[in-house]
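Below is one structure, written out as structure tokens; comments come after it.
The values are calculated or read from the model by the stated rules, or taken from the named source; none is laboratory data. Keep in mind that what you see is a predicted model, and the values were worked out from it rather than measured. Here Cβ is always computed from backbone atoms with ideal geometry, including for glycine, and neighbour counts include all displayed protein chains. These accessible areas exclude ligands, DNA and RNA; they are computed on the full protein's heavy atoms, side chains included. Shrake-Rupley method; radii C 1.70, N 1.55, O 1.52, S 1.80 Å.
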Amino acid sequence: FLEECLFSTGRAIFIKDPQMSYMNLKATPAATLNPYNEPTAYTAYSVGYSKVFNSDDCVYIRNNYLEKSTDSNIMIFAERLTNIEMSHGVNINAQKTPVLILCDDKSKLSLETVYNQYAGDSPVIFGTKSLTDNPLSAITTGAPFVADKLREEKHAVWNECLEFLGINTNPADKKKERLIVSEVNSNNEQIDIQALTMLLCRQQACEAINKKYGLNVSVSLRVDELKPEPEPVEDLEV
């Protein structure tokens, strides 16, 4: 729930309620600012709960140093991915129907029926002789096939989103030629900075919680916890 608060609002609060003990909740400033532009009190709130705490009686937790929510950035990536996905579908459909048919009003209904069969992948389309009574003309749209490039762009945007969250992606996907060591290290450094920006705020919150309440809470990157331990290497005789 703490991460949900930070993700959606960019801030949270850790308190010790007299009746409900320790809780982390959503927070909003509830008083004037001190000389460092920090509120002197906060309102801790959730469903069925709302209380004001002085800054000395709680620990204020930031998602990042600017107190910006992650959700607002993720929505930008989601919109970009949606646009790519919609363009991908339009481009695929344009390959299926690459012409505009010109006809008179009398033939329009018959041609609509024929087109519906064509769009439905009908193996055989039957037409009447009347279709040839009136001359038809077609305009080729000439839509280029770019679905493969759109898939690559979608993959690139998704990787960009993951790296924004501090999740390392395969740098080899970014260019076909081999990357030199300095390029890989530079890419990893940028991703680490993204992850540490949010991690440091959480670590500072843990230190403040432990100091104020005598607890022993900590935080670490989940990816570090998921890394398998290296297998022992047996000595080999040469």
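Before moving on, here are some points about what is shown:
- FRET efficiency for the pair L221 and K51, taken as 1/(1 + (r/R0)^6) with r the Cβ-Cβ distance and R0 = 22 Å, rounds to 0.10.
- Normalised size of segment 28-115, defined as Cα radius of gyration per 2.2 N^0.38 Å with N residues, equals 2.36.
- Residue-span extension gain [A208 to L100] - 0.36 nm each, minus C-alpha spacing: 32.1 nm
- Estimated translational D of segment 1-72 in µm²/s (Stokes, Kirkwood radius over Cα pairs; 4 °C; 1.567 mPa s): 105
- Net charge dipole size for segment 1-122 [Lys, Arg +1 and Asp, Glu -1 on Cβ; Debye, nearest 20]: 80
- For segment 1-79, carbon and sulfur atoms together expose 54% of the accessible surface, with a 1.4 angstrom probe and every protein chain in place.
- Added length on full extension, which subtracts the Cα-Cα distance from 0.36 nm per residue, N73 to W158: 29.3 nm
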